[in-house]
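This report refers to the structure that appears directly beneath it.
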Amino acid sequence: MISLQNVSKTYPMGKLNVHALRGINLDFTAGDFISVAGPSGSGKTTMMNIIGLIDRPSGGELIIDGKKCTGLKRKALTQMRQEYIGFVFQSFNLLPVLTVFENVELPLVIGRRKESKKERREWVEHLVEEVGLSDRRNHVPAELSGGQQQRVAIARALVTRPKIIIADEPTANLDSVNGERILSLMKRVNRDEGTTFIFSTHDPDIWEMATHVVFLRDGEVESEQRKTGEAALPGKDGTVFRSPQERRLPS
């Protein structure tokens, strides 16, 4: 699904060049549940931004689903992001004038899907319920706690059913109960939809659940571990991730 081939990133800082990534070689398969770890300055954020097509590498090649992304123009990159990638930003990036429901719905409104308004509404309602915010659906971000805003951001990332979710510390603002709820939801999406998750995190629960753990240091891969035989993680009530109408939006 994702291949980084000798990827490097250099930032000019006056007369100096800062090497954020130094020849990264990694392959992530479809359906991976990936944890990327490392100390501050290790290159985690830079690598995540390159995979998410927010930043471009200085050298090397990024390939997503067999498509070379490095030389794509801005419009093509935007289309790739819309088709493949959902983001969970640590800073949330919610629109302050929109309600919880409207923030989650927004990617569907501006996207290219042709689902009916009824289907779209049911799907958004379902996700808002999944993250435990049905009672806050008509509130704007300023009326929410940090943890509640984080859950809105997670629902928004899932709403387009992307093939890849990139999440920066998705549980950092959540208490233990809601953190467990969100991780259970993500693992069910990973299992039932085959969605590839890439986390930048210090959360040991995510490390335990990950099928692929990468540790970066000084812009290089210091270690890499792949796990096999991972057990699926259903919800506490045994349910699985399904949307209304078999939980699938039209293509």
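List of remarks:
- Scanning segment 56-94 for residues that are of a type in the set (D, E, K, R) and surrounded by 14 or more Cβ atoms within 10 Å (Cβ to Cβ), we see that the one that is nearest to Asn173 (Cα to Cα) is Arg81.
- When residues of segment 192-211 are limited to those that are under 13 Å from Phe33 (Cα atoms) and more than 15 Å from the chain's Cα centre (by Cα), the one surrounded by the most Cβ atoms within 10 Å (Cβ to Cβ): Met209
- Segment 153-184, residues that are part of a helix (DSSP H, G or I) and in contact with a Phe, Trp or Tyr (Cβ under 7 Å, 6 or more places away or on another chain): Ala153, Ala157
- Residue pairs whose Cβ atoms lie under 9 Å apart, sitting 6 or more positions apart in sequence or on different chains, and linking a residue in segment 75-95 that is over 12 Å from Ala167 (Cβ atoms) to a partner that is among the hydroxyl-bearing types (Ser, Thr, Tyr), are Gln82/Thr160; Glu83/Thr160.
- Segment 52-74 - residue that is among the aliphatic types (A, V, I, L, M) and at pLDDT below 95 and, of those, farthest from Pro162 (Cα to Cα): Leu72
- Restricted to segment 1-113, the set of strands (runs of 3 or more DSSP E) holding at least 1 residues that are more than 15 Å from the chain's Cα centre (by Cα) and more than 20 Å from Arg226 (Cβ to Cβ) comprises 2-13, 16-28, 59-64.
- Subset tally (residues that are in contact with a strand residue (DSSP E or B) (Cβ under 8 Å, 6 or more places away or on another chain) and farther than 9 Å from Gly86 by Cβ) for segment 164-184: 3
- Options Ala142, Ala167, Ala155; residue that is crowded, with 17+ Cβ neighbours inside 10 Å, hydrophobic (A, V, I, L, M, F, W, C) and without any contact (Cβ under 8 Å) to a residue 60 or more places away in the chain: Ala155
- Residue in segment 29-44 that is of a type in the set (Gly, Ala, Ser) and over 25 Å from Ile165 (Cβ atoms) present: no
- Residue list for segment 23-34, restricted to those being over 23 Å from Pro170 (Cα atoms) and surrounded by fewer than 17 Cβ atoms within 10 Å (Cβ to Cβ): Gly23, Asn25
- Some residue of segment 129-137 being surrounded by 15 or more Cβ atoms within 10 Å (Cβ to Cβ), assigned to a loop (DSSP other than H, G, I, E, B) and on the phi > 0 side of the Ramachandran plot: yes
- Residues in segment 186-195 that are in a loop (DSSP other than H, G, I, E, B) and β-branched (Val, Ile, Thr): Thr195 only.
The values are calculated or read from the model by the stated rules, or taken from the named source; none is laboratory data. Just so you know, these numbers come straight off a predicted model, no measurement behind them. Every residue, glycine among them, receives a Cβ derived from its backbone with ideal geometry; neighbour counts consider all protein chains shown.
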